[in-house]
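Only one structure is covered here, and it is reproduced in the block below.
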Amino acid sequence: AWDTRDDPSNARRGWFHSSGLEYAPERLGSDIRFVRYLAQQYAFRTFNDAFVLASAFRLGAARGMGQELIPSEKFFAGGGTSVRGFAEGGLGEPDFFGDPTGGNALLLFNQEVRFPLYKWLRGIGFLDAGNTFPHIRDVSFGNLEAGAGFGLRIHSPFALLRIDYGVPLTSRQREPSGRWYFAIGQSF
């Protein structure tokens, strides 16, 4: 990991990069054999001492070695920390019952503009795009789901409270017209 952000919990400038590789072969005693990689890149830039442009990119790839990848090692996307406007973990190929199955590959893009409203209250506008894919060879910019919306950030003495409202821009026939997300801390 490499981190130059001015504040990890509410960055206004700098960037963050992390790369994680998990390798679990049989010869190291693993019953569940797989290899998994996740790269994350976040960048923050301040304009006019008030507006913050926050960007995120995430790319993941995983593969079972001699067996199917178990669900806990798959990638999931959708929801308050990835593609707002969609159900939590709801993107990707559904199973027979319509439940998300996750994927062996992940591609996510997030863009936020954060701006002051009044003292301890800040607003944001966002655009998210991403999806999970059955295999790394299936990753395609043409198959990304997108969501957009707005939110509020309440800077309390104890924590940063987040309220977002996301609207799906793609797959509108399967999704409600919008979703609310409540959490502590920034989405990235």
Open item on the list: Go through the stretch 19-33 and report how many residues are open to solvent by less than 40 Å² (accessible area, probe 1.4 Å), at pLDDT below 95 and outside any loop (DSSP other than H, G, I, E, B).
Closed with: 1
Open item on the list: Looking for something part of a loop (DSSP other than H, G, I, E, B), touching a Gly at 6+ places or on another chain (Cβ under 8 Å) and buried (at least 17 other Cβ atoms within 10 Å of the Cβ) - is there at least one such residue anywhere in the stretch 55-62?
Closed with: no
Open item on the list: Please go through (1) in contact (Cβ under 8 Å) with a residue 60 or more places away in the chain; (2) open to solvent by 60 Å² or more (accessible area, probe 1.4 Å) for V83 and return the number of the only condition it doesn't satisfy.
Closed with: (2)
Open item on the list: Please go through the stretch 141-153 and give me each residue that is over 16 Å from F51 (Cα atoms) and either at pLDDT below 95 or open to solvent by 40 Å² or more (accessible area, probe 1.4 Å) (or both), ordered by number.
Closed with: F141, G142, N143
- [ ] Working only within the stretch 34-54, note down all residues that are outside any strand (DSSP E or B) and either within 22 Å of I163 (Cα to Cα) or open to solvent by less than 70 Å² (accessible area, probe 1.4 Å) (or both).
- [x] A50
Task: Of all residues making up the stretch 165-185, the number that are over 21 Å from T132 (Cβ atoms) and open to solvent by less than 30 Å² (accessible area, probe 1.4 Å) - done: 2
Open item on the list: I need every pair where a residue in the stretch 1-30 that is basic (K, R) has its Cβ under 8 Å from the Cβ of a residue that is open to solvent by 60 Å² or more (accessible area, probe 1.4 Å) and in a strand (DSSP E or B), sequence separation at least 6 or different chains.
Closed with: R5/W15; R13/R45
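Count, please, the residues in the stretch 31-48 that happen to be under 29 Å from I70 (Cβ atoms) and either in contact (Cβ under 8 Å) with a residue 40 or more places away in the chain or basic (K, R) (or both).
The total comes to 5.
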TODO: Among residues belonging to the stretch 107-156 that are out of contact with any strand residue (DSSP E or B) (no Cβ under 8 Å at 6 or more places or on another chain) and part of a loop (DSSP other than H, G, I, E, B), point out the one that is farthest from S9 (Cα to Cα).
DONE: K119
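The values are calculated or read from the model by the stated rules, or taken from the named source; none is laboratory data. All of these numbers come straight from a predicted model, not from anything done at the bench. Glycine gets a Cβ as well: all are built from the backbone with ideal geometry, and neighbour counts include every protein chain shown. For the accessible areas, the whole protein counts, side chains as well, though only heavy atoms, and no ligand, DNA or RNA atoms are used. Shrake-Rupley method; radii C 1.70, N 1.55, O 1.52, S 1.80 Å.
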